[in-house]
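Have a look at the structure below before the remarks.
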């Protein structure tokens, strides 16, 4: 092992929005190892959820992450509704899908802008964020807030999309399409970006399987997974769309997948508006009296990949255990393959390419006795316990 | 003219400190920079180091791990410096106040000059808040 230099990035660094700490161990220009330190943003959300009622948890999980603030309630709704087996009205399904896809548009545009910013291509940053504004305005018209929408509830949605809002929504999509063409053109046809991004931060399909990465990161490496198609929820099995994949696995392929997904989102929203027109005057909320004891599992495809929520109920009005796994949790460790062996200059964009969201991912793995302050279990012991429990579940449920 | 008036008379440089936020306020702060709101017309811009900053924008609850960092950042900032708590979490702790990792709202750790509540506050509200504060100084 030769001499290594430590290049610290963070925890407060101009490039980073959120507090997180990367240690790049370098030999000359080449990154040899990446260590990621976290925990700055941990807000004990899972524990807070256990003290709230099932209805209130929606507003907590919405604030796990401000960018994908519909995907968490989406997955949580799927999880809770799977316990009593609620039939969500069709109109509510369409509204949920519209909100989810609008969010995908705003989140992917945000990523394109930030990626441009990381490359020093601030024109793309300004363009993408400028054209993101009408989407946020649309959210304000429909839901009353720009970022945290509070649309979801158990059994449906809280607010209807009114008939006079359909033309506004269609107008937004009509106006957005040429702007998306402009941004896509600016990224895809730019020889400078081709030269800068192709072959940088490559992840092969094997790497994706090793780390269990999900979402656009996996799809850009040719791994064809998408919860919206594989395990359809809301209205995704009622509309016509296709999963976008690319083969190269580099940063350019990730940008390509995200940009082309936006076209699919536009098409999904258009079909949902048609569906809403057919479902005129339909119910938007099914009546749910109580959540019986049981275990609920919910999945949803966030802009960054699969969000997983686990809810355990004992028949009372609040969850006994609530577990969240955000897509960034599996996407972030892929840094170890994409950054290592590249130069320091490529590290930033390789890190940014998976669209990491640290506030989704923050977790703590220790068990303390609160009154004595004594540590009962540490991370390694918890992992062991988790593996043991998984084996138990496997023998219990997978036998037949 | 006192030192304070002299310091804050010209273009303000902002430093953004995310203590333990959900990204919501952070992207709204970035939104202020983009063409629709364009905070740079007031001469304000985000800077990379707190040593260049006149204003520190703090978002999110202060967690146990960021508490010491916030104090350190405040120590490094050239005085006089103005601290603005942005969002419900920074002002009071908001929805996360009952969590075990919550270590007080921002004003328990460093002196805060202005509070901009909201979850998240709109970019207009942030602009209005900072302008109001400037006129008061």
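Can you tell me the mean projection area, over all orientations, of the convex hull of the range A:280-400's alpha carbons? Units nm², please.
Value for the range A:280-400: 14.2 nm².
Give me the inter-chain shielding for A:101-114: mean count of other chain Cβ atoms within 10 Å, whole number please.
Rounded to a whole number, the mean comes out at 1.
Please find the FRET efficiency linking residue B:97 to residue A:32, where r is the Cβ-Cβ separation and R0 is fixed at 41 Å, and quote it to the nearest 0.05.
0.45
Rounded, prolate or oblate: pick one for the range A:155-228, where a ≥ b ≥ c are the square roots of the eigenvalues of its C-alpha gyration tensor, a/c under 1.5 means rounded, and failing that, prolate if a/b is larger than b/c, else oblate.
Oblate, because a/c is 1.5 or more while a/b does not exceed b/c.
When 1/r is averaged over all different Cα pairs and the result inverted, which Kirkwood radius in Å belongs to the range A:24-124?
17.1
Calculate the FRET efficiency for residue A:188 and residue A:343 from the Cβ-Cβ distance with a Förster distance of 30 Å, rounded to the nearest 0.05.
That pair, residue A:188 with residue A:343, gives E of 0.80.
Taking the Cα-to-Cβ direction at residue A:383 and at residue A:140 and moving 7 Å from each Cα, how far apart do the two end points lie in nm?
A separation of 4.6 nm, rounded to one decimal place.
Which length gain, in nm to one decimal place, applies between residue A:82 and residue A:209 when the Cα-Cα distance is subtracted from 0.36 nm times their residue separation?
Extra length from residue A:82 to residue A:209 when fully extended: 42.9 nm.
Any idea what Rg and Dmax come out to for the range A:245-294 if you just take the C-alpha atoms, in Å?
Answer for the range A:245-294, Rg first and Dmax second: 19.0, 50 Å.
Using only Cα positions of chain A, each an equal point scatterer, no hydration layer, compute I(q)/I(0) via Debye at q = 0.13 Å⁻¹ and quote the log10 values to two decimals.
Cα-only, vacuum Debye calculation for chain A: -1.17.
If you line up the long axis of helix B:67-76 against the longest principal axis of chain B, both from Cα atoms, how many degrees apart are they, to the nearest 10?
Here the helix axis deviates by roughly 20 degrees.
Counting other beta carbons within 10 Å of each residue's own, what order do A:357, B:7 fall into, fewest first?
By the 10 Å Cβ count, ascending: B:7, A:357.
Using 0.36 nm per residue of separation minus the Cα-Cα distance, give me the extension gain between residue A:130 and residue A:392 in nm, one decimal.
Full extension from residue A:130 to residue A:392 adds 89.1 nm.
Using the 2.2 N^0.38 Å rule of thumb for compact globular proteins, work out how the range A:88-211 stacks up: its C-alpha Rg over that value, please.
Here the Cα radius of gyration is 1.29 times the empirical estimate.
Only counting other Cβ atoms within 10 Å, I'd like A:82, A:265 sorted with the fewest neighbours first.
A:82, A:265
In the range A:203-245, whose amide N lies under 14 Å from the spot 7 Å out along Cα-to-Cβ of residue A:263? List them in ranges.
Output list for this probe position: A:241-245.
Can you give me the orientation-averaged projected area of the convex hull built on the Cα atoms of the range B:3-136, in nm²?
Result: 7.3 nm².
For the range A:45-326, what's the relative contact order in percent, using C-alpha pairs closer than 8 Å and at least 6 residues apart?
31
Provide a whole-number value for the mean count of partner chain Cβ atoms within 10 Å of the Cβ atoms in peptide B:25-37.
Other-chain Cβ atoms within 10 Å of each residue's Cβ, averaged: 5.
Helix-only mean residue ellipticity at 222 nm, the protein assembly as shown, DSSP H runs n ≥ 4 weighted -39,500 (n - 2.57), per residue, nearest 500. What is it?
-13500 deg cm²/dmol
When the label point is put 7 Å from the Cα of residue B:68 along its Cα-to-beta-carbon vector, which residues of the range A:1-24 have a backbone N closer than 14 Å?
A:11
Cut-off is 10 Å between beta-carbons; in what order do A:283, A:18 appear when sorted fewest neighbours first?
Starting with the residue having the fewest Cβ neighbours, the order is A:283, A:18.
A short reminder: the numbers here are calculations on the coordinates, not readings from a lab. Treat the numbers as computed from the prediction; the structure is a model and nothing was measured. A quick note on method: Cβ atoms are made from the backbone with ideal geometry, for glycine too, and the neighbour counts reach across all protein chains shown.
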